[in-house]
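Peer 1: Before I ask anything, here is the structure I am working with.
We did not get these values from a lab; they are worked out from the coordinates using the rules stated. Computed from a prediction, not measured in an experiment: that's the story for all the values here. Here the Cβ positions follow ideal geometry from the backbone for every residue, glycine too, while neighbour counts run over all protein chains shown.
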Amino acid sequence: MSILTHHFLNIRTKLWQALPAQPCFLCGTASRNGVWCAACDADLPYLTAPCCPVCALPTHDGATCGQCLQQAPHFDRTVAVFAYAFPLNKLVLALKHNEKLVLANSLADKLIQRIAVRPDFLVAMPLHPVRLRARGFNQSFELARHIGRRMAIPVLLNACQRRRDTPPQAALSRKERDKNMRHAFICTQDFSGKHVAIVDDVMTSGASLNEVAQTLRKAGTREISAWVIARTLPHSAS
């Protein structure tokens with residue numbers, strides 16, 4: 001973590017402590033720790049075990065996993081904070097489907113703490129205009145906007161766009177997810193020689209992130225990071 005980021009987080013902690021207590025989003029207990037209390041924070045499924053640096057799935061010694069060695073994705077690395085499991089999933093679903101946008105800032109701050117390499121640009125996982133109108137916001141953009149503001153990294157809203165309104169990925173197999181995402185995105189900007197980080201809430205199979213990354217590669221991107229709040233682990237994948 002950079003000295004500047006560490007200094008900012010210390011200031012932010014002191015400001016939180018000066019504010020009146022508020023109900024913890026998860027348990028309802030009075031909290032001065034932020035949107036959720038310190039006890040609930042300790043119960044969140046932080047990713048601490050060794051994992052593949054490319055896709056963030058667990059590996060014995062933190063080496064690149066066999067799948068990434070056999071068929072490398074179009075992104076170079078993944079930074080993930082949590083496993084997508086209880087009670088973190090409650091926070092993600094509340095942000096995504098219940099419009100609890102205040103959670104975006106707190107979740108994004110957790111991701112900032114794990115960032116070691118600063119990219120040139122941030123790109124949020126795009127929503128199709130039909131889905132965006134129905135939901136009213138893009139949770140991935142809300143995360144990216146907060147990270148960009150805190151780390152002084154430009155967030156490009158329309159550089160990558162979803163040109164097909166694809167069915168939800170949740171009920172699909174891995175093979176179906178890959179097919180569902182094929183040619184779903186377009187890139188409208190030249191990224192020659194640049195490092196771009198794609199921001200998303202949850203990475204499951206990685207099909208969506210991989211397709212966006214492939215689109216960015218075609219636009220000349222030199223280096224691509226995937227930044228996600230949570231990673232679905234094999235035992236919890238659908």
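Peer 1: In the P(r) worked out for the stretch 85-159, what percent of Cα pairs fall beyond 16 Å?
Peer 2: Tail of the P(r) past 16 Å holds 51 percent of the pairs.
Peer 1: Follow-up question, since we're still on this one. For PHE185, what residues show an amide H to amide H distance below 5 Å, using hydrogens built from the backbone and excluding near sequence neighbours?
Peer 2: Excluding prolines and chain starts, which carry no amide H, the hits are ARG163.
Peer 1: Still on this structure: Just to be sure I understand the model, the point goes 7 Å from the Cα along the line to the Cβ. What's the resulting ASN158 to THR188 distance in nm?
Peer 2: Distance between label points: 0.4 nm.
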